[in-house]
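One structure is given here, and the rest of the page talks about it.
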Amino acid sequence: FWSQEQVDEMVAAVAWQWQKKDFAQEVAKLAVEGSGMGVYEDKVNKANKIRGIMWDMKGAKTCGLIKEDKAKGIKTYAKPMGVVANVVPCTNPTITTCFIGLSLLKTRNAMICSPHPRTKDATYRTVEYGRKALKAIGAPEDLMLCVQDPTNEKTVELMSICDFAVATGGKALIKVVHAAGT
């Protein structure tokens, strides 16, 4: 039941943490080493996208009354979906977590990440940085969680018990998503 101002402060705190150079360098190194793909410098520079995400969300109303059609007498209120499973790809284990994480926080939802096994350390560290920012402003840090030892079976279970699932990936992931039934 947080106000728009409280939600925007929370999102800004997490975004600020995620756009820092030391964060970007640490998780880029983990991503490249874990996946064996990508260029370290390019992954570091992806942290610049955080500011773009924040710019795109600036002023977006996601709490309470968000639209009203007085002529028809219709009011639209925003409400959270709940706990969202975020199946994170090996190719973008950090910026995908950041983008979806900020979007979910902005809409007052919780996120549980299920990272690709090869890049689990990069995704886990990304989530831990987000949790640190949440804790620093007094927000519930468990709004962001990460499966530490991911498997296809755990991902299917996570998606089947969450309120909603977001998945980014290729053919192998499609099978996992369909197996979850969400």
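If you average the sequence gap of Cα pairs under 8 Å that are 6 or more apart and divide by the length of the range 83-133, what percent do you get for the contact order?
Details: 57 pairs, mean separation 23.6, N = 51.
Reported relative contact order: 46 percent.
Angle, helix 171-180 long axis vs. longest principal axis of the chain, Cα atoms, 0 to 90°, nearest 10?
In the chain, helix 171-180 runs at an angle near 50 degrees to the longest axis.
Relative contact order for the chain: what is it in percent, counting Cα pairs under 8 Å that are at least 6 residues apart?
Working: 294 pairs, mean separation 44.7, N = 182.
Worked out over the chain, it gives 25 percent.
Rolling a 1.4 angstrom probe over the protein heavy atoms, how many square angstrom per residue are accessible across the range 1-141? Walk me through the numbers on the way to the answer.
Details: 7370 Å² over 141 residues.
For the range 1-141, the per-residue accessible area is 52 Å².
Which angle from 0 to 90°, rounded to the nearest 10, does the C-alpha axis of helix 21-35 make with the longest principal axis of the chain?
Computed tilt is about 50 degrees.
Which entries of 29/135; 43/171; 58/79 show an alpha-carbon separation above 21 angstrom in the structure shown?
Numbers: 29/135 25 Å; 43/171 24 Å; 58/79 19 Å.
Among 29/135; 43/171; 58/79, the Cα-Cα distance tops 21 Å for 29/135; 43/171.
What area, in nm² and to one decimal, does the C-alpha convex hull of the range 12-146 cast on average over all directions? All intermediate terms of the calculation are to be shown ahead of the outcome.
On the way: hull surface 34.1 nm².
Quarter of the Cα hull surface area: 8.5 nm².
Probe radius 1.4 Å, ligands and nucleic acids ignored: give me the carbon and sulfur share of the accessible area of the range 39-176 as a rounded percent.
That share works out to 56 percent.
Which of the peptides 171-178, 117-124 is most tightly packed, and how do the rest follow, judged by the mean count of other Cβ atoms within 10 Å per residue? Working shown, then result.
Numbers: 171-178: 12.6, 117-124: 22.4.
Top of the packing list down: 117-124, 171-178.
When we measure straight from the Cα of residue 175, which lysines land under 17 angstrom away, once same-chain ones fewer than 8 places off are left out?
154
If ligands, DNA and RNA are left out, what is the accessible area of residue 163 with a 1.4 Å probe, given in Å² to the nearest 10?
Number for this one is 100 Å².
Helix-only mean residue ellipticity at 222 nm, the chain, DSSP H runs n ≥ 4 weighted -39,500 (n - 2.57), per residue, nearest 500. What is it? Write out the running numbers ahead of the final one.
Values: 8 runs with 94 residues, N = 182.
Calculated from helices alone, the mean residue ellipticity at 222 nm is -16000 deg cm²/dmol.
The values are calculated or read from the model by the stated rules, or taken from the named source; none is laboratory data. The structure displayed is predicted, hence computed values, not measured ones. No Cβ is skipped: glycine too gets one built from the backbone with ideal geometry, and neighbour counts run over all protein chains shown. These accessible areas exclude ligands, DNA and RNA; they are computed on the full protein's heavy atoms, side chains included. Shrake-Rupley method; radii C 1.70, N 1.55, O 1.52, S 1.80 Å.
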